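**Q** Input: one structure, supplied below.
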Amino acid sequence: MGKLTSILVGLIALRASLGHGRVLEDLERLDSVKESYDFVIVGGGIGGSTVASRLSENPRFNVLLIEAGPTNEGVIDIAVPGFFRNISSTYSWGHVTTPQIGLNNRSLPYNQARVLGGSSSHNGMVYTRGSSDDFDLWGKVSEDRSWSWKTLFPYFLRNEKLVPPPGGRDASGQYDPQFHAIKNAEQSKEIKFNLDVNSGKPSGLIWLQSTIGNGERCSAAVGVLGGKVKERPNLTILLNTQATRVLPSKESRQLDIRTVEIVSVSSGNKTTVTAKKELIVSGGAFGTPHLLLNSGIGDKKELEDVKVKSIHHLPDVGKGLSDHLAFQVSWSANGVVRPVDTVAAFEEWQTNRTGPLTEIGVHQLMFARIPPDALLFKEHRDPAAGPNSPHIEIVVLSVGPRILASVGLLTPKSRGTVKIASNNPLDKPLVDLGYLTHPFDLLALKEGARITKRWFEGSAYEGFITGFLGPDPDTLPEREFNNALKAGAGTWWHPVGTASISPKGAKHGVLDPELKVKGVKGLRVVDASAIPYVPTAHTQAAVYVLAERASDLIKASW
């Protein structure tokens, strides 16, 4: 299997082969194959792609991977890291949230990928694992300590490959602050320089690590399905085909689900495919509960309300959604913007995969914990998974005459839901992110603004920053600040938890510790929906490691 590659400014990746074994562009072509499959995987994102690649390493396993969207290949805006903001809506589901009560009833467009590679084909390519506490929490929630930072760490190593940045530049000095004038990190008492964000202790000022290799995006479609993986005779990839329902076997006394109903995106033709061993759902935090609910797996009363026949009462399907909310603060400064000559930069990228388009324009991030004596902790229990988990992430988006920083809350207490509006499985889900529905989150974002202010008030910025433009939690009336935050806040697109793991035998949750759907035989879930709480990180690394271990769990069963 081609390794996902990651670190620092760029990560080398195995480029996808142009010669494929069986990559089918449409459902109609599946009929001509006429094969049976041991494993059928629904969703070609990080989870599905990783499991498909790992299972098909065994030539005895015949694997079908079904993706609703088209191929990622040949799409320049996907391949070029610096163009990721230009990716066409063709490659997105086009979700819009329900009106968010906590954001003054604003509805937010929500970008979820519909393309091979899933969100790894259109995200910002930031690679952060989160804290060791995040993964230990998986074990606590599931009462299965085989889910932990220690046990998962080898899977991180299996999934990654450390390589130099584009152009062959020696980046070894980039790790040492004395050679890079990171003065404020040396002087700040709150945010210190952190040599490696992915050590399990992410707090501090860190150099960005990215899923970029050879100057190109290294998505799951490239990193785990690239090279010769697609040429394996026991792997079939079916594109432009949407799963609408999973169906129970009529021959089994126990609820046994290994069949999926699928529809061609272009023609609307339907068929079913049955796995001999397991059906694996990897539709993501929105797609997986949407599919399960449309199949009659969820809260029986809620399903009856939309005229969907319940086949299995599992109330927590679609519940427990958590996500990262962020807002922006800014300063005036004595800086100058030096715009990139995009035409020249693209020519350089095409010529030798070097230049400014080989990165996303952000080189460092900051992670910080809210001070323990902050007033909000007198009213609310700290939701962080442990002492290694930061509460706040700060991304400096632009530097020039105006400095703009995005302040994100990594440890929200608010929870949302994914529901269905009708019994038509092609209708989009009702996505309620539940932003700021818990009072802790607004108070924590205020503390995040204060942390960011203190950073830029450091002596390293004297003579450069000329003023704080706000919104300022220390000078604005409370209602005015709150309204400014609510009017400008937006998502970082990190939803998890809508089909969460829980202890074996527990009535709550959706999956057991082996990621099997509770009360159902033959059906597993491998994607971000299984993660119980949003990690203190950009979520792709967590999904990769979940899928790596899931692959071993599945192999061990067969």
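The values are calculated or read from the model by the stated rules, or taken from the named source; none is laboratory data. Bear in mind the structure is a predicted one, so any value in this text is a computation, not a measurement. These area figures cover heavy atoms from the full protein model, side chains too; ligands, DNA and RNA do not enter into them. Shrake-Rupley method; radii C 1.70, N 1.55, O 1.52, S 1.80 Å.
**Q** Take the cross-link list LYS230/LYS319; LYS413/LYS518; LYS228/LYS419; LYS150/LYS453; LYS161/LYS201 and give me the ones stretching past 30 Å between alpha-carbons.
**A** Numbers: LYS230/LYS319 35 Å; LYS413/LYS518 25 Å; LYS228/LYS419 39 Å; LYS150/LYS453 36 Å; LYS161/LYS201 20 Å.
Long pairs (Cα-Cα over 30 Å): LYS230/LYS319; LYS228/LYS419; LYS150/LYS453.
**Q** Taking LYS504 as the anchor, which aspartates and glutamates have their alpha carbon closer than 13 Å to its alpha carbon, excluding any fewer than eight residues away along the same chain?
**A** Cross-link targets: GLU143, ASP144, ASP512, GLU514.
**Q** List the equivalent ellipsoid semi-axes of region 470-530 in whole Å, largest first, each obtained as the square root of 5λ for an eigenvalue λ of the Cα gyration tensor.
**A** Values: eigenvalues 355, 29, 11 Å².
Taking √(5λ) for each eigenvalue gives 42, 12, 8 Å, largest first.
**Q** Further question on the same structure: Tell me, what ³J(HN,Hα) does each residue in region 105-112 have, in order and in whole Hz, if you take phi through Karplus 6.51 cos²θ - 1.76 cosθ + 1.60 with θ = phi - 60° and put x for Gly and Pro?
**A** 6, 6, 9, 10, x, 10, 7, 10
**Q** Show the residues, 5+ positions off or on another chain, whose built amide H is closer than 5 Å to the amide H of ARG106.
**A** Excluding prolines and chain starts, which carry no amide H, the hits are GLN100.
**Q** Still on this structure, please answer the following. Report, by chain and number, residues whose modeled amide H sits under 5 Å from the one on THR466, excluding near sequence neighbours (fewer than 5 apart, same chain).
**A** SER332, ALA333, ASN334
**Q** Could you derive backbone 3J(HN,Hα) for region 306-316 from the dihedral phi with the Karplus parameters 6.51, -1.76 and 1.60 (θ = phi - 60°), listing whole Hz in sequence and x where the residue is Gly or Pro?
**A** With the stated coefficients, region 306-316 comes to 10, 6, 9, 5, 7, 10, 7, 6, 9, x, 7 Hz.
**Q** Check LEU208: other-chain or 5+ apart residues with amide H under 5 Å from its amide H, H built from backbone geometry?
**A** Distant-sequence amide H within range of LEU208: GLN364, LEU365.
**Q** What is the diffusion coefficient of region 222-325 in µm²/s, taking the Kirkwood radius over Cα pairs and the Stokes-Einstein relation at 20 °C with a viscosity of 1.002 mPa s? Before the final figure, lay out the partial values.
**A** Values: Rh = 15.8 Å.
Roughly 136 µm²/s, to the nearest whole number.
**Q** Just check region 300-403 against the gyration tensor rule for me: Cα atoms, a ≥ b ≥ c as the square roots of the eigenvalues, rounded for a/c under 1.5, and otherwise prolate or oblate depending on whether a/b exceeds b/c.
**A** Oblate, since a/c reaches 1.5 and b/c is not below a/b.
**Q** Moving on to the next point. Distance between the C-alpha centers of region 512-528 and region 447-502? Whole Å please.
**A** Region 512-528 and region 447-502 have Cα centres separated by 38 Å.
**Q** If one puts a single equal scatterer on every Cα of region 27-135 and applies the Debye formula without solvent, what log₁₀ I(q)/I(0) results at q = 0.10 Å⁻¹?
**A** Result of the Debye calculation: -0.43.
**Q** With runs of 4+ DSSP H residues as the only contributors, calculate the mean residue ellipticity of the chain at 222 nm using -39,500 (n - 2.57) per run, divided by the residue total and rounded to the nearest 500. Each step should come with its number before you reach the end.
**A** Values: 14 runs with 130 residues, N = 558.
About -6500 deg cm²/dmol.
**Q** Right, next: Please list log₁₀ I(q)/I(0) at q = 0.11, 0.12 Å⁻¹ for the chain, using the Debye equation with identical point scatterers on the alpha-carbon positions.
**A** The Cα Debye sum returns log10 ratios of -0.98, -1.17.
**Q** What does the accessible area per residue of region 297-395 come to in Å², with a 1.4 Å probe and no ligands, DNA or RNA counted? Kindly include the intermediate steps, with their values, before the conclusion.
**A** On the way: 4930 Å² over 99 residues.
With the other protein chains kept in place, region 297-395 gives 50 Å² per residue.
**Q** Okay, moving on. If you roll a 1.4 Å probe over region 403-558 with all protein chains in place, what percent of the accessible area is carbon or sulfur? Numbers along the way, then the final one.
**A** Details: 2800 of 5490 Å².
Here it works out to 51 percent.
**Q** If you don't mind, there's one more thing I want to ask. Among rounded, prolate and oblate, which fits region 220-268 when a ≥ b ≥ c are the square roots of the eigenvalues of its C-alpha gyration tensor, a/c under 1.5 means rounded, and a/b larger than b/c means prolate? Show your work: numbers first, answer last.
**A** Numbers: a/c = 3.17, a/b = 1.67, b/c = 1.89.
Oblate, because a/c is 1.5 or more while a/b does not exceed b/c.
**Q** Could you please state how large a percent of the accessible area of region 246-377 is carbon and sulfur, counting protein chains only and using a 1.4 Å probe? Let's see the in-between values first.
**A** Numbers: 3070 of 6170 Å².
In region 246-377, the share of accessible area belonging to carbon and sulfur is 50 percent.
**Q** Give me a comma-separated list of calculated 3J(HN,Hα) values for region 414-425, in order, Karplus coefficients 6.51, -1.76, 1.60 applied at θ = phi - 60°, integers in Hz, x for any Gly or Pro.
**A** Rounded to whole hertz, the list is 5, 10, x, 9, 10, 10, 10, 8, 7, 9, 8, x.
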